[in-house]
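The values are calculated or read from the model by the stated rules, or taken from the named source; none is laboratory data. Because the structure is a prediction, the values reported are computed rather than measured. Note: ideal-geometry Cβ built from the backbone for every residue, glycine included; neighbour counts use all protein chains shown.
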Amino acid sequence: MQTKLGRLDEVAPADARRGDAAVLRGKVALARGRYADALAAFQAAELFPLHVTSPGELLFWEGEALFRLRRFEEARERYAALLRSYPRSAHAADALSARGFSELELGRPDEALASFGQLLREHPTSELAPGAAYAAARELVRLTRWEEALPLLSAQAGRYPASRYGPEMRYLLGVAQVETGRVVEGTRTLEQFVLAESRRELMPAARALLAEAYAKSGRLREAVQQYQALVRAAPAHSLVPQALYQVGELSRRLGRLPDAEAAWTALRRDHPRDALARPAGLALASLHLKRRQAAPALELAQAVAAAGGGERVEALLVVGESAMQLRRHAEARRAYATAVAEAPAGSAERFRALAGVGRVSELLREPRATKGAYQEIVQGSSDPELVRWAKGRLEGLEAETVVPRDPPKARARLRPRARAGTGR
């Protein structure tokens with residue numbers, strides 16, 4: 001067909017239908033993915049009178065060809081020209097939608113949001129309205145402009161129930177509700193999404209966010225169930241390491257230590273390169289240490305310390321404590337001394353490491369090192385219980401009492417440090 005339309009220029013150069021033939025030729029080329037040919041045909045049609053197109057329609061088709069050629073600035077200009085000169089065009093809704101997506105491609109989110117908003121106001125029944133609402137909501141979510149996203153999602157999420165964007169809109173509504181502090185409403189919305197859309201790609205993210213909301217409101221068992229469901233349904237998903245870590249942490253808080261151990265072990269076994277493998281290892285080591293299982297605690301803590309990262313100093317403290325339980329005093333002293341050197345000045349970890357240095361030095365009968373460690377705790381620590389303990393040890397040394405007692409227990413920091421991430 002395109003060939004026959006093209007021959008019209010040759011066999012009938014004066015035919016009044018040449019412009020219309022060029023438009024048809026351009027549409028055929030556009031449908032076939034030949035965008036440069038389509039643009040050339042539409043531009044050629046500008047030179048002739050047109051009879052089968054509506055006013056300004058040629059601007060729209062040129063915009064379509066330019067958009068597909070990724071010439072977004074020029075495409076936007078064509079759509080804007082149509083809307084400016086022919087606001088009641090049959091292609092107005094299409095032009096508003098396409099202009100919005102052009103503006104997104106150009107990195108102009110506010111202009112894109114204005115285009116989508118105009119489409120929703122002026123053409124609410126258009127078949128393009130659901131896509132425009134979804135695109136606008138998704139952009140507001142991407143920009144974390146939750147207070148603006150919420151009213152849009154609240155208004156549009158239930159308006160287009162048959163749209164393919166409907167489930168995603170309900171998910172984003174739940175996210176926006178949670179992010180704006182409407183946790184009860186957000187939890188309910190996400191629960192409905194999880195029940196109705198079990199096969200959706202967003203399901204892992206929805207379960208993770210729902211679990212987080214449960215955990216924040218004290219519903220720990222339900223949070224664990226959501227994380228476990230995520231792991232079962234999408235074992236290769238990027239959120240699985242986070243889910244496994246949280247199953248371990250929440251199970252620990254619930255007193256389900258075997259479940260915690262199983263989750264952290266699975267995380268380290270199946271995702272050894274994930275950043276959460278280190279805090280999971282530290283948590284496991286601390287769990288073993290609590291059970292007086294010093295040998296596995298030492299092995300895990302050494303592995304975490306060797307991996308570096310934010311858990312290294314805490315892992316060195318566990319290495320020291322485990323080695324002390326195993327009566328490997330020289331190894332314990334090396335671990336504590338390294339922790340003293342690497343911990344931030346004035347930090348609780350540094351003073352805990354000094355306490356370890358003092359204990360080991362007492363056992364090795366090194367009074368100078370012992371007194372130096374305890375004196376530094378007394379002079380610098382802000383922990384009154386640790387200071388009292390160190391003073392007591394110094395008094396014992398003065399009385400030539402050399403049998404060390406353990407320092408007051410410090411709660412192990414098992415949670416990972418905040419990551420640029422997450423979710424969702």
>> If I ask for residues that are within 24 Å of L140 (Cα to Cα) and crowded, with 21+ Cβ neighbours inside 10 Å, which ones from the stretch 73-91 would you list?
In response: A75, R76, Y79
> With A294, A315, A263 as the choices, which residue is modelled with pLDDT of 95 or more, surrounded by 15 or more Cβ atoms within 10 Å (Cβ to Cβ), touching a Ser or Thr at 6+ places or on another chain (Cβ under 8 Å) and farther than 23 Å from A211 by Cβ?
Replying inline: A294
> Here are some residues: A285, A297, A337, A323. Which one is closer than 29 Å to R388 by Cβ, assigned to a helix (DSSP H, G or I) and touching a His at 6+ places or on another chain (Cβ under 7 Å)?
Replying inline: A297
> Limited to the stretch 374-390, what total is found for residues that are part of a helix (DSSP H, G or I) and either loosely packed, with under 15 Cβ neighbours inside 10 Å or of a type in the set (F, W, Y) (or both)?
Replying inline: 7
>> Considering only residues that are of a type in the set (D, E) and either assigned to a helix (DSSP H, G or I) or surrounded by fewer than 17 Cβ atoms within 10 Å (Cβ to Cβ) (or both), which ones fall in the stretch 185-199?
In response: E185, E191
> Got at least one residue in the stretch 220-235 being in contact (Cβ under 8 Å) with a residue 40 or more places away in the chain, crowded, with 21+ Cβ neighbours inside 10 Å and not aromatic (F, W, Y)?
Replying inline: no
> Within the bounds of the stretch 90-99, is there any residue that is modelled with pLDDT of 95 or more, within 26 Å of S126 (Cα to Cα) and among the hydroxyl-bearing types (S, T, Y)?
Replying inline: yes
> Is there any pair linking a residue in the stretch 330-352 that is of a type outside the set (G, A, S) to one that is in a loop (DSSP other than H, G, I, E, B) and crowded, with 20+ Cβ neighbours inside 10 Å, with Cβ under 6 Å and at least six apart or on different chains, and which?
Replying inline: E349/A343; R350/A343; F351/S381
>> I'd like the residue in the stretch 96-135 that is of a type in the set (S, T, Y) and not in a helix (DSSP H, G or I) and, out of all such residues, is surrounded by the most Cβ atoms within 10 Å (Cβ to Cβ).
In response: S126
> Yes or no: F60 out of contact with any Lys or Arg (no Cβ under 9 Å at 6 or more places or on another chain), within 19 Å of D94 (Cα to Cα) and either at pLDDT 80 or above or surrounded by 21 or more Cβ atoms within 10 Å (Cβ to Cβ) (or both)?
Replying inline: no
> When you look at R88, is it outside any helix (DSSP H, G or I) and at positive phi, yes or no?
Replying inline: no
>> Of everything in the stretch 156-179, what is part of a helix (DSSP H, G or I), at pLDDT below 85 and among the hydrophobic types (A, V, I, L, M, F, W, C)? Give them in sequence order.
In response: none
> Quick one: which of S238, S251 is more than 17 Å from R188 (Cβ to Cβ) and not in a helix (DSSP H, G or I)?
Replying inline: S238
> Is there a residue being polar (S, T, N, Q) and part of a helix (DSSP H, G or I) anywhere in the stretch 138-155?
Replying inline: yes
> Since L202 meets every condition but one in (1) of a type outside the set (D, E); (2) in contact with a Leu (Cβ under 6 Å, 6 or more places away or on another chain); (3) surrounded by 17 or more Cβ atoms within 10 Å (Cβ to Cβ), which condition does it not meet?
Replying inline: (2)
> Pick from A215, A243, A208: which is touching a residue at least 24 places away in the same chain (Cβ under 8 Å), buried (at least 21 other Cβ atoms within 10 Å of the Cβ) and either over 16 Å from the mean Cα position of the chain (by Cα) or closer than 22 Å to L284 by Cα (or both)?
Replying inline: A243
>> Going by what's in this entry, would A162 be described as buried (at least 16 other Cβ atoms within 10 Å of the Cβ) and either among the hydrophobic types (A, V, I, L, M, F, W, C) or farther than 30 Å from R199 by Cα (or both)?
In response: no
> Pick from Q192, Q177: which is over 16 Å from the mean Cα position of the chain (by Cα), touching a residue at least 24 places away in the same chain (Cβ under 8 Å) and closer than 20 Å to Y134 by Cα?
Replying inline: Q177
